[in-house]
1. Could you give me the residue pairs with C-beta distances under 9 Å whose first residue belongs to region 147-171 and is open to solvent by 40 Å² or more (accessible area, probe 1.4 Å), whose second residue is in a helix (DSSP H, G or I) wherever it lies, and which are 6+ apart or on separate chains?
2. Would you confirm whether any residue within region 726-738 is over 19 Å from Phe166 (Cβ atoms), touching a residue at least 40 places away in the same chain (Cβ under 8 Å), in contact with a strand residue (DSSP E or B) (Cβ under 9 Å, 6 or more places away or on another chain) and not charged (D, E, K, R)?
3. Would you say Phe137 is open to solvent by 20 Å² or more (accessible area, probe 1.4 Å), out of contact with any Phe, Trp or Tyr (no Cβ under 7 Å at 6 or more places or on another chain) and not small (Gly, Ala, Ser)?
4. So for region 557-567 (the condition being in contact with a helix residue (DSSP H, G or I) (Cβ under 6 Å, 6 or more places away or on another chain) and more than 22 Å from Leu345 (Cα to Cα)), does at least one residue qualify?
5. Given (1) of a type in the set (Gly, Ala, Ser); (2) modelled with pLDDT under 85; (3) closer than 30 Å to Arg503 by Cβ, identify the lone condition not met by Ala223.
6. Being touching a helix residue (DSSP H, G or I) at 6+ places or on another chain (Cβ under 7 Å), open to solvent by 40 Å² or more (accessible area, probe 1.4 Å) and under 30 Å from Pro600 (Cα atoms) is the requirement here; does Arg335 meet it?
7. Considering only residues that are open to solvent by 50 Å² or more (accessible area, probe 1.4 Å) and at pLDDT 85 or above, look in region 172-206 and name the one that is farthest from Gly720 (Cα to Cα).
8. Could you go through region 309-323 and let me know if any residue there is under 30 Å from Gln85 (Cα atoms), of a type in the set (A, V, I, L, M, F, W, C) and open to solvent by less than 10 Å² (accessible area, probe 1.4 Å).
Amino acid sequence: MMVATLIWGSLGWLPVAIGVVAFLTGLLLWRYSQVRISASVRSLAIGLKLIAILLLVACLLEPMFQGQRPRPGANLFAVVVDNSQSMQVQQQRSDAVRTAVQADSSWKTRLGQDFDLRTYEVDQQLRRVNSFEQLSFDGLASLLETGLDSLRNRMGQRPAAGVLLFSDGNATDVNSQAEVWSQFQAPIYPVVFRESSQPLDLSLRQVGVTQTNFEAAPVTLDAVVAYSGQPDGNVVVQVLDEAGELVEEQLQSVDANRSELDFRFRFRPKATGLGFFQVVAFQESDRTQWQENQQVSEITEKNNVRWVTVDRGGGPYRILYVAGRPNWEFKFLRRALEEDAEISLLGMLRIAKKEPSFSFRDTGGLEDKNRLFQGFDGSDEDTVEAEDQPVLVRFGVESDDELRDGFPQGAEELFAYHAVILDDIEAKFFSPDQQLLLRRFVNQRGGGFMMLGGQESFANGNYDETPLGELLPVYVNMKGAAGDAEPTQWQLTREGWLQPWVRTRSTQASEERAISVMGSFRTMNRIADIKPGASVLVEGWQGREGTSPLLVTQRFGRGRSAALLTGDLWRWGMERPDPEQDDLSQVWRQMVRWLVADVPKRFETSIRTNESARSVELQFIVRDEEFGLLDNVSVPLEITLPDDKVIKLDASATDMAGTYAATFWPEQDGCYRLKASAVGPDGVQIGFEETGWTSQPSVAEYQDLSTDIAYLERLAQSTGGRLVKAEELDEFVRNLPQEKIPVTETWSYPLWHQPWFFLSAIVCLCGEWGLRRWKGLP
């Protein structure tokens, strides 16, 4: 932009100028041809005289230099400094930035002369500042892309010449594509500083938690430790509970050929419900120092700690169990679930089937009551079972009215349960409406359904071509229970090995040993085939007869269903080789936990962390008693911060029916607890949830302690800028006007107005005159 070109202001005088130059040149040549001097002196004198003539005649044409330059103050130029904590990890980096952006810096003075200079700091947000004297480098996040996008919006349509960015490039909101930044209206020039070699550091890069229904170790925690520099010896990773007590510790040796170590922990929390666990990593040589004051010999300890959330609550889950007769299976199932405080087993046992209705005459007249039960329940004849009704015994009910009339007749009553287990009960026990209702329970409500293999289950219970038969993951159009078949051995399929809730041991070898000493079963229900999409998790091996499905599962609508095709799983508990190891009880608890794992509740909470916005998005779904979405309710929230302060707010309704949302911006590292409730218009509480999350805004800041040159280079190239070395700032600013500037102005520099122009002509004339005097010429 500053490259000047020579132009002529009065080219109309060009013919006159040419004529004058031609005449004077001819006269000059003729005059010197008349004198006798050496050729070299003659050429020098003619040259000096001719140069003077050209300079003086050129004044007629008004020669001048002309070019373009930025119009002072017309173009914006921004200087943005990253004020986040990662900038002070290396003292050399923060000191260099402070020195470079001092108010008296020559490059800043030059920028202020040519441009409308704006100065900003960026961490969690972009802020306009008058100077950089108060740089603290204490921001909890490096929202570079968010800040630059905010800068773009502030610039609006005003012409901008560029953005000078002082940052280490470790943005915590990297989610944009290059084509997005190509729309930025000004080039970005990241400034890079010369740094020493990579410092020693351990960092917990990834920490993830998964939960299964495997009772012995339902929580799996995976951690990835990255290291730079040269760690000595071994790396220690510990898992601590919220009280600081050690849960588990692992140690691995540093591999010079790798930069990361993988750790996996499997454990069972002491208590159910919401819990928080701390994961820490340090060198073994720093163990004493860490335990005493949580200090390490690395460059920083702030990336050595991560918090994770484990929520094993969700209960109590209500399981409705319906059996056609008392049996051993019910005994072992009930005993197993009594050990799980989160599961409540309740239901009905039929102790007598209904009989054909008849009347008989005695001294009291005609009677239609079952005489067997007369007189046992008081004088109220309405409580005496008629002969055409089954005799049912309820257990585990929470009120006298629950299940009083038998199996639920309506959705409001049935949908209050999370799962239904049918055992040794025929299809005709349920009315057509009850069968359709149970189908809705799984498909619409999302409940769990399981059928156990009693003698009146599956084909023998005539479930084929019924709504309940559609629920099953198997085709049951084959009669007969294999009570007299070969002894059947429990055998996991490939899919079964992948399901933790089917296993009783943590390793394959130990599981195979446990299966090898397991007793056999003698009651199997035959099926025609499994349905498409169903999975066989356990097969029954019957020697010469081969294998047949024993445990089959499938998804059905929003819920899930399972078929346990053996009718004497209780033998597992009777014939256990180790009395101290109750595998059957463990399997029952794991199986029921799987059955209710994803069952929706009337009031549900979901928590999602928005990493780019550094916010936590809370969403709540409220349903009525038939699990339709419910509007016009209030959702008050109570959030307990890591410092035990409590914040109260209300979730607001969204555009989606029955859905409410709130957004929270955490500013502290640590554990957050949430209490949420849904309250109907009548003031009655519909549901209550207690959950939580962990937030560590500073974690992303310390993921990488070296400058991310690659990211800064991509950012520069996407916007039309380039990297600038810190030691070349003055040169960069000096040459900046040569870049593409939006608003410029024309400048001109008349040569013939300049004293040196005429002085040059006079010097040439004096030189020519001196030569003539030296040679004695006139």
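The values are calculated or read from the model by the stated rules, or taken from the named source; none is laboratory data. Given the structure is predicted, the values throughout are model-derived calculations rather than measurements. Here the Cβ positions follow ideal geometry from the backbone for every residue, glycine too, while neighbour counts run over all protein chains shown. Heavy atoms of the whole protein, side chains included, go into the accessibility calculation; ligands, DNA and RNA do not. Shrake-Rupley method; radii C 1.70, N 1.55, O 1.52, S 1.80 Å.
1. Here the result reads Asp149/Val180, each pair linking region 147-171 to a residue that is in a helix (DSSP H, G or I).
2. Yes, some residue in region 726-738 is over 19 Å from Phe166 (Cβ atoms), touching a residue at least 40 places away in the same chain (Cβ under 8 Å), in contact with a strand residue (DSSP E or B) (Cβ under 9 Å, 6 or more places away or on another chain) and not charged (D, E, K, R).
3. Numbers: open to solvent by 20 Å² or more (accessible area, probe 1.4 Å): no; out of contact with any Phe, Trp or Tyr (no Cβ under 7 Å at 6 or more places or on another chain): yes; not small (Gly, Ala, Ser): yes.
For Phe137, the condition - open to solvent by 20 Å² or more (accessible area, probe 1.4 Å), out of contact with any Phe, Trp or Tyr (no Cβ under 7 Å at 6 or more places or on another chain) and not small (Gly, Ala, Ser) - is not met.
4. Within region 557-567, one or more residues are in contact with a helix residue (DSSP H, G or I) (Cβ under 6 Å, 6 or more places away or on another chain) and more than 22 Å from Leu345 (Cα to Cα).
5. So the condition that Ala223 fails would be (2).
6. Working: touching a helix residue (DSSP H, G or I) at 6+ places or on another chain (Cβ under 7 Å): yes; open to solvent by 40 Å² or more (accessible area, probe 1.4 Å): yes; under 30 Å from Pro600 (Cα atoms): yes.
So Arg335 passes the test.
7. Our first condition is that a residue be open to solvent by 50 Å² or more (accessible area, probe 1.4 Å); within region 172-206, this holds for 174-175, 177-180, 182-183, 185, 194-198, 205-206.
Within this subset, residues satisfying the condition of being at pLDDT 85 or above are 205-206.
Values: Arg205: 33, Gln206: 34 Å.
Among them, the one singled out is Gln206.
8. Step one: of region 309-323, the residues under 30 Å from Gln85 (Cα atoms) are 309-310.
Filter again for of a type in the set (A, V, I, L, M, F, W, C), leaving 310.
With open to solvent by less than 10 Å² (accessible area, probe 1.4 Å) added as a condition, the list becomes 310.
Yes: one or more hits.
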